[in-house]
Amino acid sequence: MQFTKYFKELGFNEKESIIFLNLYKLWTQPASVIAKYSNLERTYVYKVLLKLCDENLVSTTTKNWVKSFFIPDINILKKYVKQKQNNYKKLEEDYQNIETELLQFNKEYKSNIPKITIFDNIDGLKNIYEDIYNYVKQKNFLSIKFFASNTFESNWSWNEIVKNIREIFFQRLNENKIILDTFLWNWISLMENLWKTNNILDLQNLPASNSSINIIIAWSMVYIIIFKDIPTSLKIDNEELAFSLHFILEHLK
C-alpha cells in the first residue's frame with residue numbers, strides 16, 4: 001500500500017503505519033479495539049499510540065475513565081512533514097557550528113595519534129623514497145635531517161637493486177639543491193662514532209647493509225627504513241615524534 005511506504009519514509013515501521021491507518025479508519029477508539037482490528041498485541045499497540053501522541057500525530061480523549069485515541073485531522077500528516085522540514089532546515093543552518101566544534105575535537109584529541117604507513121619489500125622501498133621526494137618538493141623544503149647507521153655490509157640478494165634505488169633518490173635531491181643535514185653512526189666491532197656531513201654524494205655510496213637503519217625527518221614527517229633481508233619502511237605522520245628527533249639531532253651537533 002502506498003500509505004505504508006509513505007509512513008515508513010517518515011521514520012516509522014510497518015506495524016506503526018498499520019496502527020495509524022486503522023485508527024484513522026475507526027475514528028476514536030481505545031487501544032484494545034485498534035489492537036484487535038490490527039491483529040496485534042494490545043500492550044504493543046498502546047505503546048505505539050503513545051509514541052504517535054508524542055509526535056503530535058494522534059490525540060487522546062477519555063470516556064468513562066477509558067483513554068481513547070483519535071486522529072483530529074488527516075492534514076496532521078502534512079503538518080508533521082512540514083515540521084520535519086523546518087527541523088532539518090534548522091539543523092542544516094546549525095551544521096557549520098557543529099562542524100567547527102567537531103573539527104576542534106579532532107585536532108585536540110586525534111592530532112597526537114601517529115598516522116603510520118608501512119612499506120614492504122623492494123617495491124615498498126621505491127614507494128617510500130618517492131613519497132619522501134614528493135613531500136619535500138610539495139612543501140618546498142630546502143633541507144631535511146637524515147640519520148643513518150652503517151654496520152657491516154652483508155651480501156644479500158637485494159644489494160645492487162637497493163643501491164640503484166638509493167642513488168636515484170640522492171641524485172634527485174642533489175639536482176634540486178635539497179640539503180641533507182646528515183648524521184652517520186658507524187659501528188665496526190667495538191668502535192663507534194657519530195659524525196655529520198652535508199655531502200649527498202657521500203650518502204649515496206653508503207652500503208645499505210643488512211640491519212642498517214635510515215631515519216629521515218622532514219618537518220613533521222618521520223620516515224624509517226630498515227634494510228633487512230626484506231626491506232621494511234615506515235612513514236610516521238606525528239609532529240611530537242618528528243620535533244623530538246629534530247631536537248635530539250640538533251643537540252648531537
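Every condition in (1) at pLDDT 75 or above; (2) exposed (fewer than 10 other Cβ atoms within 10 Å of the Cβ) holds for Tyr135 except the one numbered (2).
Is it the case, given these coordinates, that Ile118 is modelled with pLDDT of 90 or more and either over 21 Å from Asp237 (Cα atoms) or within 35 Å of the chain's Cα centre (by Cα) (or both)? It would help to see each step written out before you state the result.
Details: modelled with pLDDT of 90 or more: yes; either over 21 Å from Asp237 (Cα atoms) or within 35 Å of the chain's Cα centre (by Cα) (or both): yes.
Yes.
Filter the range 134-150 down to the residues that are within 20 Å of Ser212 (Cβ to Cβ) and of a type in the set (Phe, Trp, Tyr) and list them by number. Result: Phe146, Phe147. Residues in the range 213-233 that are farther than 14 Å from Ala148 by Cα and touching a Lys or Arg at 6+ places or on another chain (Cβ under 9 Å): Ala218, Trp219, Met221.
Considering only residues of the range 58-73 that are hydroxyl-bearing (Ser, Thr, Tyr) and surrounded by 10 or more Cβ atoms within 10 Å (Cβ to Cβ), which is nearest to Tyr46 (Cα to Cα)? Please lay out each step first, then the result.
In the first step, residues of the range 58-73 are kept if they are hydroxyl-bearing (Ser, Thr, Tyr); the result is 59-62, 68.
Filter once more, so that each one left must be surrounded by 10 or more Cβ atoms within 10 Å (Cβ to Cβ): 59-61, 68.
Values: Ser59: 13, Thr60: 12, Thr61: 14, Ser68: 10 Å.
Once the filter is applied, the top-ranked residue is Ser68.
Filtered by the rule that a residue be under 39 Å from the mean Cα position of the chain (by Cα) and aliphatic (A, V, I, L, M), the range 1-47 gives a lone residue, Leu10. May I ask you to list the residues in the range 74-94 that are exposed (fewer than 11 other Cβ atoms within 10 Å of the Cβ) and within 35 Å of the chain's Cα centre (by Cα)? Listed by number, the residues that qualify are Gln85, Asn86, Asn87, Tyr88, Lys89, Lys90, Leu91, Glu92, Glu93, Asp94. Screening Ser189, Ser220 for residues that are modelled with pLDDT of 85 or more and over 18 Å from Lys126 (Cα atoms) leaves exactly one candidate, Ser220.
The values are calculated or read from the model by the stated rules, or taken from the named source; none is laboratory data. Note that the coordinates shown come from a computational prediction; the quantities given were computed from them, not determined experimentally. Don't worry about glycine lacking a Cβ; one is built from the backbone with ideal geometry, like all the others, and counts go over all protein chains shown.
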